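Down below is the structure, laid out as structure tokens.
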Amino acid sequence: MRKVTAALLGTVLTGTLVTACGSDAGDTTTGDPDGRGPITFATIKDGTGTVPELVEQWNDDHPDEQVTIVELPEGADGQRQKLVQQAQTQSDAYDVITIDLPWNAEFAARRWITELPPDQFRVDGFFDAALAGSQYRDGLYSIPHFTGSAMLYFREDLLEKVSAEPPTTWAELAEVCDEVLALPEAEGMSCYAGQHDKYEGLTVNFLEAVASAGGTVFDEQGRPHLDTPEAAEGLRFLVEGLDEGRIPGDAVTYKEEEGRRAFQQGELVFHRNWAYIYALVNADDGSSEIAGDAGVTVIPGKDGPGVSSLGGNNLAVSSFSTAQATARDFIAWLTGLDTQLQHAEGSAYPMTRTEVYSDPGLREQYPYLTVLKDGIENAQPRPSIVRYGDASTVIQNNVYAAITGERSADKALATMQQELTALTQGS
């Protein structure tokens with residue numbers, strides 16, 4: 001099956017909110033939809049070296065359509081800034097670009113990326129939520145490259161000492177922590193941390209907390225929905241965690257890497273992070289103090305297993321590319337099943353095709369795949385609104401003010417509701 005069905009293209013999953021907005025690029029572009037030739041692939045740094053190896057395979061088979069990799073800045077904010085600069089100047093420097101999942105609506109609405117012909121891409125094997133995030137106004141504008149859900153890492157050795165199972169609720173997490181932290185070998189440790197610095201990761205942690213309490217930050221009509229008991233429960237999970245000491249005070253400076261280092265240095269019982277850190281925290285080369293002692297499970301929620309925000313990156317064709325036909329072919333090849341299987345073997349990045357997670361060899365290589373797949377299938381996409389970057393800034397500012405004690409939780413939610421309402425109404 002190589003065509004996207006009308007039903008699938010017409011689907012907007014719960015939590016995927018599309019807000020119309022005018023184009024900043026105008027009605028014409030300088031690109032060539034039929035152009036072929038060498039292309040530039042603007043993407044995130046691959047520490048495993050797998051993407052360069054795959055690109056080399058492509059280049060061996062396409063001598064007249066060579067791909068050159070250009071690494072985007074580290075961090076989502078820097079990546080978005082660079083891509084926006086290129087688009088606003090209608091630069092043809094990039095042909096294939098890597099965009100964060102919630103940027104799809106903004107880049108499509110502003111005509112910075114091209115609509116993709118659905119009959120060129122075999123999309124029936126992707127996770128539904130990841131594919132829904134690739135659409136804008138019933139059109140396909142990007143293809144899922146990486147996806148992922150948060151996982152709860154835990155000290156398996158310490159839980160075994162107190163005969164505890166991995167927690168499925170926030171209350172169980174607190175109870176297990178109380179037991180573990182009473183152990184002599186847990187002296188100086190803290191209970192839990194995610195990503196609590198004022199950046200995109202804090203937005204993601206807040207969205208997850210609200211969803212895991214049964215709520216949503218935006219309703220199905222795209223309106224902010226923060227004046228609810230569920231939103232209050234989600235924010236209180238973070239605020240009370242810091243107030244009561246379950247989350248260490250310095251966690252307000254944690255991004256992914258700071259939290260990962262704290263966990264693998266033995267400072268945390270539980271840690272919320274992505275799949276890529278599994279190999280790092282279990283590395284037996286002396287870099288991790290807890291190698292072999294880290295387990296994973298789905299993140300907990302208020303009354304049961306939690307709901308992760310869907311992570312990941314998509315591949316899109318720049319509207320200003322002069323070799324768009326080659327760019328489309330390269331994306332179709334890089335996101336095809338055979339290439340994704342090769343990619344998964346060489347790196348810990350979560351792929352976007354469901355069949356990858358059933359491969360016996362990969363399941364042996366990556367024991368967490370079952371947990372990861374369960375999390376992805378239950379995850380919610382981040383809001384797909386045109387002004388997502390501005391909305392994320394509003395959320396970060398208010399949540400950070402609440403967890404650092406600068407603003408009460410109730411005041412933070414009320415301010416968020418007001419500012420997000422003004423933002424979405426003004427799109």
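One table, with the values for the structure above:
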| item | result |
| --- | --- |
| The lone exception for residue 164 - which of (1) of a type in the set (A, V, I, L, M); (2) at pLDDT 95 or above; (3) outside any loop (DSSP other than H, G, I, E, B); (4) surrounded by 16 or more Cβ atoms within 10 Å (Cβ to Cβ) it fails | (3) |
| Test: residue in region 401-413 that is on the phi < 0 side of the Ramachandran plot and touching a Gly at 6+ places or on another chain (Cβ under 7 Å) | no |
| Only listed residue being over 26 Å from residue 322 (Cα atoms), without any contact (Cβ under 8 Å) to a residue 24 or more places away in the chain and over 18 Å from the mean Cα position of the chain (by Cα), chosen from 172, 179, 185, 156 | 179 |
| Meets criteria (open to solvent by 30 Å² or more (accessible area, probe 1.4 Å), in contact with a helix residue (DSSP H, G or I) (Cβ under 7 Å, 6 or more places away or on another chain) and on the phi < 0 side of the Ramachandran plot) for residue 136 | no |
| Residues of region 21-57 classified as surrounded by 12 or more Cβ atoms within 10 Å (Cβ to Cβ), part of a loop (DSSP other than H, G, I, E, B) and modelled with pLDDT of 95 or more, total | 6 |
| When residues of region 73-99 are limited to those that are in a loop (DSSP other than H, G, I, E, B) and modelled with pLDDT of 95 or more, the one most open to solvent (accessible area, probe 1.4 Å) | 89 |
| Complete set of residues in region 167-204 that are surrounded by fewer than 16 Cβ atoms within 10 Å (Cβ to Cβ) and part of a loop (DSSP other than H, G, I, E, B) | 182, 183, 187, 188 |
| Qualifying positions in region 295-319 - farther than 16 Å from residue 173 by Cβ and part of a strand (DSSP E or B) | 309, 311, 312, 313, 314, 315, 316, 317, 318 |
| Hits in region 355-385 - residues which are of a type in the set (S, T, N, Q) and either crowded, with 17+ Cβ neighbours inside 10 Å or closer than 18 Å to residue 279 by Cα (or both) | 365, 370, 378, 380, 384 |
| Residue list for region 373-399, restricted to those being touching an Asp or Glu at 6+ places or on another chain (Cβ under 8 Å) and part of a helix (DSSP H, G or I) | 388, 389, 392, 394, 396, 398 |
| Residue check for residue 419: acidic (Asp, Glu), open to solvent by 50 Å² or more (accessible area, probe 1.4 Å) and without any contact (Cβ under 8 Å) to a residue 12 or more places away in the chain | no |
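Table: residues versus (1) at pLDDT 95 or above; (2) in contact with a helix residue (DSSP H, G or I) (Cβ under 9 Å, 6 or more places away or on another chain); (3) more than 25 Å from residue 423 (Cα to Cα); (4) open to solvent by 50 Å² or more (accessible area, probe 1.4 Å).
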site	(1), (2), (3), (4)
223	no, yes, no, yes
230	yes, yes, no, yes
237	yes, yes, yes, no
241	yes, yes, yes, no
245	yes, no, yes, no
254	yes, yes, yes, no
316	yes, yes, yes, no
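The values are calculated or read from the model by the stated rules, or taken from the named source; none is laboratory data. Remember, predicted model here, so these are calculated numbers, not experimental data. Here Cβ is always computed from backbone atoms with ideal geometry, including for glycine, and neighbour counts include all displayed protein chains. Remember, those area values only see protein heavy atoms, side chains included, never the ligands or the DNA or RNA. Shrake-Rupley method; radii C 1.70, N 1.55, O 1.52, S 1.80 Å.
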